[in-house]
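**Q** Here it is, the structure in full.
Every number in this text was worked out from the coordinates using simple rules, so none of it is lab data. Since this is a predicted model, take the numbers as computed values, not measurements. Ideal geometry is used to build each Cβ from the backbone, glycine not excepted, and the neighbour counts take in all protein chains shown.
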Amino acid sequence: MRFGKNIFYYRSYNVAIYVGLAAKGGGLLSEPILAVKGLKTTFYTDDGQVPAVDGVDFSVRAGEILGIVGESGCGKSVTSLSIMRLVSAPGKIVDGRIVFNGEDITHASEKRMRQIRGDEMAMIFQEPMTSLNPVLTIGQQLVEAIRIHRKTSKREAEAQAAEWLKLVGLPRPKDLLKSYPHQLSGGMRQRVMIAMAMVCGPKVLIADEPTTALDVTIQKQILNLMKKLNRETGTAIILITHDLGVVAEMCDRVIVMYAGKVVEEGPVKAIFKNPAHPYTKGLLASVPDLRNRKKRLYSIPGNVPKPGEITNGCPFHPRCEWAMDRCRGSLPEWAALGAGHRARCFLHDMKDGIAPGKGESHGGTAVNR
Amino acid sequence: METMLERKPGAPQPAKTAEASLWYGAWRALKKNKLAVIGACIILVFILCALLAPLLKPEGFDAENLSARLKPPSGAHWFGTDDFGRDIFTRILYGARISLWVGFSSVTGAIIVGTVLGILAGFYGRWIDMIISRLFDIMLAFPSILLAIAIVAVLGPSLQNALIAIATVNIPNFGRLVRSKVLSIKEEEYILAARAIGMKDSRILLRHILPNSLAPIIVQGTLSIATAILDAAALGFLGLGAQPPHPEWGRMLSDSRQYITDAPWTVIFPGLAIALTVLGFNLLGDGVRDALDPKMKK
């Protein structure tokens with residue numbers, strides 16, 4: 001059969017993920033597929049240096065979905081571009097390490113990075129309307145994505161492309177290969193983008209706000225598709241979003257970023273049940289709760305600071321209602337809260353934890369999906 | 001229509017796919033534009049004249065007949081004869097070969113060199129951009145015909161040198177156009193997406209940036225052929241282009257200008273030929289622009 005090889009390829013991932021799950025279930029600590037340590041990406045602009053990403057640590061295990069949340073401008077996208085080593089001038093990775101699949105790629109050659117990009121690590125973007133080339137057909141672009149990394153004939157690549165279009169739930173793949181991006185709706189294009197990112201079977205897929213530009217009915221479909229692909233192929237997904245609903249539904253673990261720094265990290269349940277950082281609490285409280293309409297919607301006072309604006313202490317202190325003197329003085333170290341849950345906040349140094357009454361008033365309860 | 005496709009697999013496609021490319025749409029829009037069709041017809045007539053000249057007038061553009069000097073238009077000589085008794089109609093047919101050749105080849109040359117320089121400047125930026133852009137600025141600081149005259153003066157007057165001069169003065173126009181287009185396309189998300197699938201710079205340039213900057217190049221190219229023909233005629237008029245006895249239209253004008261009162265047909269017809277070709281290319285060029293970029297329509 002024509003697609004035989006491809007299907008085999010695809011099935012073999014299933015096996016891999018079952019093995020992976022077994023390992024997880026058995027309590028074995030699986031080696032992270034991607035580890036980011038102390039990553040610092042700075043933009044050298046005319047107005048001075050802007051540290052968009054300022055000492056970010058996290059890791060992604062094979063087959064897991066990691067959410068990165070935060071307000072606009074907190075460095076989420078720059079983090080993802082840094083991992084792909086796609087930050088271009090005036091931006092530069094100035095410090096830290098990116099270890100992918102056991103290989104330190106922080107200073108890997110451009111040639112090596114091109115081998116990794118699209119093959120072992122892939123990316124999808126926020127705007128499906130602009131991330132496909134308008135003058136090439138869907139087929140040309142998919143075939144290109146395959147043939148950069150695989151030595152296959154054009155015909156074989158086309159067959160694989162059509163197969164992938166089917167896998168991402170697009171009807172009439174053969175006709176679709178011949179159409180141009182402008183003939184497709186946003187949701188269809190995002191599916192094409194997903195197909196394009198997945199054709200080579202990457203180990204990590206970075207999805208930078210993949211549903212933000214889509215309307216809500218399509219959002220759900222795209223998220224389901226990503227989750228399905230994650231389960232079936234074992235591709236780890238880094239899901240960058242500012243939508244906490246998406247996080248609750250999709251992710252295994254979450255990191256919360258604020259002003260270029262990670263402020264809290266933990267399993268999705270722990271974060272939603274016991275948010276430990278005041279910023280996370282604020283984020284959760286500002287999600288509208290349908291069952292409790294009387295209250296006015298909470299919003300975190302103030303604005304996101306420009307990266308590098310706050311140089312002393314915890315970056316959140318100007319907006320934090322629990323800010324103490326020491327918050328202005330130095331950056332809090334990680335406070336471990338058990339089961340991989342940790343937060344950068346001095347409140348956890350105090351014996352009684354977060355000031356109780358205040359903390360409960362708008363934490364935790366807001367999102368419960 | 002599109003959302004239906006999202007939900008119902010197998011719903012009819014919105015449009016037949018093969019007909020959807022940018023070029024097909026532009027072609028259809030062009031066919032509807034009457035002025036552009038008129039322009040294309042004028043150009044076609046001149047191209048046919050150029051191709052068929054040896055068949056229609058096998059005696060050649062240089063057949064002198066001193067007994068029939070400066071004869072007015074008649075059945076034998078449709079456009080009359082010049083001061084050597086040469087048939088002006090014949091000379092205009094052969095002249096079309098020179099003018100069209102100069103127009104097409106000088107613009108093609110300018111497009112190739114200008115595009116390469118523009119892409120280098122736009123894509124690589126920094127000092128490469130600095131050097132190339134300043135070079136363009138310097139060239140554009142001169143009136144183009146003056147620069148062309150200077151180049152021909154250095155190289156020596158001949159048709160080929162006139163062609164090189166015209167191509168050279170047109171380079172910065174294309175270079176700047178391509179540079180600005182590359183600068184904007186470079187920031188498009190699909191370029192980032194192409195890099196994210198591991199594509200090489202050279203491939204991104206050829207496969208993604210170049211095809212996307214083609215439309216304005218074609219528009220500018222069509223319009224530039226008109227000015228190139230005009231420039232060639234101007235150089236010919238000044239004696240810096242095609243040398244006698246070649247029937248270059250501008251040269252014919254200048255050679256006959258002393259007879260303008262006694263035998264006006266000697267200047268009217270070459271002048272008309274120049275005006276018509278330029279008009280044809282301008283009409284077509286405007287049509288192409290409207291077809292490729294509907295937003296620019298007045």
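**Q** Hey, got the average number of other protein chain Cβ atoms within 10 angstrom for residues in A:84-94?
**A** 1
**Q** So, by mean Cβ neighbours within 10 angstrom, what's the order for A:48-55, A:337-344, A:186-193 with the highest one leading?
**A** Details: A:48-55: 19.5, A:337-344: 17.2, A:186-193: 25.0.
So the peptides A:48-55, A:337-344, A:186-193, ranked by packing, come out A:186-193, A:48-55, A:337-344.
**Q** Oh, and also: Calculate how many DSSP beta bridges within the protein assembly as shown are antiparallel, expressed in % of all such bridges and rounded to the nearest 5.
**A** So the antiparallel bridges in the protein assembly as shown amount to around 65 percent.
**Q** For chain B, what class follows from the C-alpha gyration tensor (a ≥ b ≥ c being the square roots of its eigenvalues): rounded when a/c is under 1.5, otherwise prolate if a/b is larger than b/c, else oblate?
**A** Oblate, because a/c is 1.5 or more while a/b does not exceed b/c.
**Q** Another one. Highest mean first, how do A:313-321, B:231-239 rank when packing is the count of other Cβ atoms within 10 Å averaged over residues?
**A** B:231-239, A:313-321
**Q** Shifting gears a bit: Pairs A:Lys174/B:Lys34; A:Lys37/A:Lys111; A:Lys92/A:Lys269: which exceed 31 Å Cα-Cα? The partial results should precede the final answer.
**A** Working: A:Lys174/B:Lys34 38 Å; A:Lys37/A:Lys111 23 Å; A:Lys92/A:Lys269 35 Å.
Beyond 31 Å between Cα atoms: A:Lys174/B:Lys34; A:Lys92/A:Lys269.
**Q** Residue by residue, what Karplus-based ³J(HN,Hα) values in Hz, rounded to whole numbers, does the stretch A:301-310 have, using 6.51, -1.76 and 1.60 with θ = phi - 60° and x for Gly and Pro?
**A** x, x, 10, 5, x, 5, x, x, 6, 9
**Q** Using the Karplus equation 6.51 cos²θ - 1.76 cosθ + 1.60 (θ = phi - 60°), what ³J(HN,Hα) coupling, rounded to whole Hz, does each residue of the stretch B:221-232 give in order, writing x for Gly and Pro?
**A** Running phi through 6.51 cos²θ - 1.76 cosθ + 1.60 with θ = phi - 60° gives x, 4, 5, 6, 4, 4, 5, 5, 5, 5, 4, 4 Hz.
**Q** Taking amide hydrogens as modeled 1.01 Å from N in the peptide plane, which residues meet the under 5 Å criterion relative to A:Gly91, leaving out close sequence neighbours?
**A** So A:Gly91 has HN proximity to A:Tyr44.
**Q** Still on this structure, I have one more. Counting other C-beta atoms within 10 Å, which of A:Arg114, B:Arg126 has the fewest, and how do the rest follow?
**A** So the ranking, lowest neighbour count to highest, is B:Arg126, A:Arg114.
**Q** What is the protein assembly as shown by shape, rounded, prolate or oblate, if you read a ≥ b ≥ c off the alpha carbon gyration tensor as root eigenvalues and call it rounded for a/c under 1.5, prolate for a/b larger than b/c, and oblate otherwise?
**A** prolate
**Q** Other chains near B:70-79: what is the mean number of their Cβ atoms within 10 Å of each residue's Cβ?
**A** On the way: counts 0, 0, 0, 0, 0, 0, 0, 0, 0, 0.
Per residue, the average neighbour count from other chains is 0.
**Q** While we're on this one: Once Lys and Arg get +1 and Asp and Glu get -1 on their Cβ, which of B:Leu155, B:Val288, B:Ala26 lies farthest toward the positive end of the dipole of the protein assembly as shown?
**A** B:Ala26
**Q** Let me ask something additional. Using Cβ contacts closer than 10 Å as the measure, can you line up A:Tyr279, A:Tyr180 from fewest to most?
**A** A:Tyr180, A:Tyr279
**Q** Give the shape of chain A as rounded, prolate or oblate, defined through the alpha-carbon gyration tensor: a ≥ b ≥ c are the square roots of its eigenvalues, a/c under 1.5 means rounded, and otherwise the shape is prolate if a/b is larger than b/c and oblate if not.
**A** prolate
**Q** Using a 10 Å cut-off on Cβ to Cβ distances, tally the other chain neighbours for every residue of A:183-193 and report the average as a whole number.
**A** Averaged over the peptide's residues, the number is 3.
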